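Everything below concerns the one structure shown next.
The values are calculated or read from the model by the stated rules, or taken from the named source; none is laboratory data. Nothing here was measured: the structure is a model prediction, and the numbers come from that model. Positions of Cβ are backbone-derived with ideal geometry, glycine not excepted, and every protein chain shown enters the neighbour counts.
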Amino acid sequence: MIFETERLIVRKLILSDVDSFHEMQSNPNVMQFADGEVKTFDENALELLDLIKKYTLENNDFWIYAIERKLDPKFIGTLALVKDVIDDEIGYRFLEKYWNHGYGFEICEATVEYCKKIGVKKLVGYVVDENVASVKILEKLNFKVVKKMISEDIQLPETKYELKL
């Protein structure tokens, strides 16, 4: 376990997450604000394996973790803590059936606290402007707008947010 919240556990991805990981990554509603790309089961299985392998790399700066419910230990999404050139970036994604349960805010709030404990000085998040739920979460956590742009992947208006810890 990396850290936990009242209802959730953040842990390393494992191979048995593959079915739920694929369900999330192959859902166009989930992927619309990410890279927009929906992949096959085999492509998602390879991606999961690659993410798991990163845990053992020396100087790894690309951490994708599983988010699991405590109630019924099920994979419900992913949390990303990745180095974006010089910034530490937060990202998260949930299976659609777990939207609108307050998990996004809960995981982001706990991630901010976790990052403070491990010495991160600043977090950034990139949010497609149409993703109103994620915009509200970052604003509620006092992330500030630092840049407006067009996302490279899906060519939609996107905002970079920053929170000094």
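Being assigned to a helix (DSSP H, G or I) and surrounded by 11 or more Cβ atoms within 10 Å (Cβ to Cβ) narrows it down to one residue among LYS136, LYS160, LYS147; which is it?
Numbers: LYS160 fails: assigned to a helix (DSSP H, G or I); LYS147 fails: assigned to a helix (DSSP H, G or I).
Being assigned to a helix (DSSP H, G or I) and surrounded by 11 or more Cβ atoms within 10 Å (Cβ to Cβ) holds for just one of LYS136, LYS160, LYS147, which is LYS136.
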Log entry, pairs with first residue in region 127-152 being of a type in the set (Asp, Glu), second being at pLDDT 95 or above and not in a strand (DSSP E or B), beta carbons closer than 9 Å, six or more apart or on different chains, reads ASP129/VAL135
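Would you confirm, using the coordinates I've provided, whether VAL146 is in contact with an Asp or Glu (Cβ under 8 Å, 6 or more places away or on another chain), within 12 Å of ASP88 (Cβ to Cβ) and at pLDDT 95 or above?
Details: in contact with an Asp or Glu (Cβ under 8 Å, 6 or more places away or on another chain): yes; within 12 Å of ASP88 (Cβ to Cβ): no; at pLDDT 95 or above: yes.
Criteria not met by VAL146.
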How many residues of region 108-133 are in a strand (DSSP E or B), under 20 Å from ILE86 (Cα atoms) and of a type in the set (A, V, I, L, M)? The answer is 3
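Being of a type in the set (A, V, I, L, M, F, W, C) and over 28 Å from ASN100 (Cα atoms) is the filter here, so list the residues in region 14-51 that pass it. Outline the logic, then answer.
Let us first name the residues in region 14-51 that are of a type in the set (A, V, I, L, M, F, W, C), namely 14-15, 18, 21, 24, 30-31, 33-34, 38, 41, 45-46, 48-49, 51.
Scanning region 14-51 gives LEU46, LEU49.
Taking the conditions exactly as written (touching a helix residue (DSSP H, G or I) at 6+ places or on another chain (Cβ under 9 Å) and either acidic (Asp, Glu) or over 24 Å from LYS122 (Cβ atoms) (or both)), does ASN60 satisfy them or not?
Numbers: touching a helix residue (DSSP H, G or I) at 6+ places or on another chain (Cβ under 9 Å): yes; either acidic (Asp, Glu) or over 24 Å from LYS122 (Cβ atoms) (or both): no.
For ASN60, the condition - touching a helix residue (DSSP H, G or I) at 6+ places or on another chain (Cβ under 9 Å) and either acidic (Asp, Glu) or over 24 Å from LYS122 (Cβ atoms) (or both) - is not met.
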Inside region 71-107, the number of residues satisfying the requirement of being assigned to a strand (DSSP E or B), aliphatic (A, V, I, L, M) and out of contact with any Asp or Glu (no Cβ under 8 Å at 6 or more places or on another chain) is 2
Taking region 32-67 and keeping residues within 26 Å of ASP129 (Cα to Cα) and aliphatic (A, V, I, L, M) leaves ALA34, VAL38, ILE64, ALA66, ILE67
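Here is a yes/no grid of residues against (1) closer than 19 Å to VAL146 by Cβ; (2) out of contact with any strand residue (DSSP E or B) (no Cβ under 8 Å at 6 or more places or on another chain); (3) not hydroxyl-bearing (Ser, Thr, Tyr):
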position	(1), (2), (3)
LEU95	no, no, yes
ASN100	no, yes, yes
VAL112	yes, no, yes
LYS121	yes, no, yes
TYR126	yes, no, no
ALA133	no, yes, yes
Those residues of region 49-69 which are within 17 Å of CYS108 (Cα to Cα) and in contact (Cβ under 8 Å) with a residue 24 or more places away in the chain amount to ILE64, TYR65, ALA66, ILE67, GLU68, ARG69
